[in-house]
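Data block below; observations after.
The values are calculated or read from the model by the stated rules, or taken from the named source; none is laboratory data. What you see is a predicted model; the values in this text were computed from it and never measured. Note that we place each Cβ from the backbone using ideal geometry, even for glycine, and neighbour counts take in every protein chain shown. Note: accessible area is taken over every heavy atom of the protein model, side chains too, but ligands, DNA and RNA are not part of it. Shrake-Rupley method; radii C 1.70, N 1.55, O 1.52, S 1.80 Å.
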Amino acid sequence: MSSSSSRYVIIFSVLAILGMVAPSVCGSFIMCGPRMCDTSNKCLNVTCNGNNCNTRPKCSSSDPCVTSFCNSANGQCTFVRNECNDNNACTTDTCTGSGNCAFTPITCEDNNPCTDNKCHSTNGCYFPPKSCDDGNACTIDACTPGSGACTNTPCSCDDNNACTRDYCDPASGCKHDDNVCDDNNSCTIDICVLGLTNICINTVQLCDDNDPCTDDSCNILSGCLYQPNNHAGCHY
């Protein structure tokens with residue numbers, strides 16, 4: 001050690017003894033020309049450059065996406081990668097070269113023209129069937145694989161029952177009303193019979209009340225009539 005350096009060591013030691021320099025610093029220094037460089041901070045690297053003390057953080061990372069921490073008690077370094085998370089499953093979260101976060105929307109594509117490509121912020125991509133509904137209950141709505149074109153084909157409401165009248169209501173769909181065999185004659189019994197060429201059967205009804213004191217007849221508007229008569233033994 002040079003006489004100059006020795007002199008500063010002696011001066012520093014005397015100051016430490018007199019309490020003019022923190023005791024904790026005593027012994028934690030390096031000589032840098034006429035200067036003494038404090039090395040007591042475990043989180044700093046101290047070097048001598050000519051007559052100057054140079055310091056730099058001990059814990060540092062060249063990666064802008066990494067944050068460094070130093071334990072002042074033992075100088076141990078901890079490196080933590082910056083978390084870029086917007087809590088949105090529909091973005092790709094990355095840390096850029098500048099250390100800033102970027103949240104890029106993801107592409108949800110299943111290459112199926114008959115599905116809609118959607119994204120839910122919690123669950124991510126999902127692909128519900130494409131709606132081809134034309135709002136008409138009388139059509140069968142479908143999506144054509146390959147092209148994704150919608151088709152709306154009229155549905156058949158035939159129930160294969162000749163005794164029903166089949167039709168379609170655009171609001172509610174197929175209807176099957178009983179076939180009306182009414183011949184507007186109150187003196188017939190009107191029924192529909194499957195399997196016959198003429199499915200409607202209009203049978204003349206018998207108006208007989210089994211009372212010899214009435215004359216039985218039928219009116220096509222009102223039906224059976226039972227009029228009292230004057231036969232012997234009949235009293236009304």
Condition test on residue 65, is it of a type in the set (A, V, I, L, M, F, W, C) and in contact with a Phe, Trp or Tyr (Cβ under 9 Å, 6 or more places away or on another chain)? no
May I ask you to verify whether residue 108 is in a loop (DSSP other than H, G, I, E, B) and farther than 28 Å from residue 87 by Cα? no
Give the residue that is surrounded by the most Cβ atoms within 10 Å (Cβ to Cβ), with candidates limited to residues of the stretch 138-187 that are out of contact with any Cys (no Cβ under 9 Å at 6 or more places or on another chain) and assigned to a strand (DSSP E or B). 165
Which condition number in (1) open to solvent by 60 Å² or more (accessible area, probe 1.4 Å); (2) in a loop (DSSP other than H, G, I, E, B); (3) modelled with pLDDT of 85 or more; (4) over 30 Å from residue 121 (Cα atoms) is the one that residue 59 fails? (1)
When residues of the stretch 93-112 are limited to those that are over 27 Å from residue 145 (Cα atoms), open to solvent by less than 70 Å² (accessible area, probe 1.4 Å) and polar (S, T, N, Q), the one nearest to the chain's Cα centre (by Cα): 94
Output for Cβ contacts, cut-off 7 Å, separation at least six or different chains, first residue touching a residue at least 12 places away in the same chain (Cβ under 8 Å) in the stretch 43-69, second acidic (Asp, Glu) and open to solvent by less than 60 Å² (accessible area, probe 1.4 Å), reads none
Only residues in the stretch 207-235 that are surrounded by 10 or more Cβ atoms within 10 Å (Cβ to Cβ) count as the first member; pair them with residues that are among the small types (Gly, Ala, Ser) and in a loop (DSSP other than H, G, I, E, B), Cβ under 9 angstrom, at least 6 apart or cross-chain, and list the lot. 212/233; 213/233; 218/186; 219/186; 220/186; 223/186; 224/186
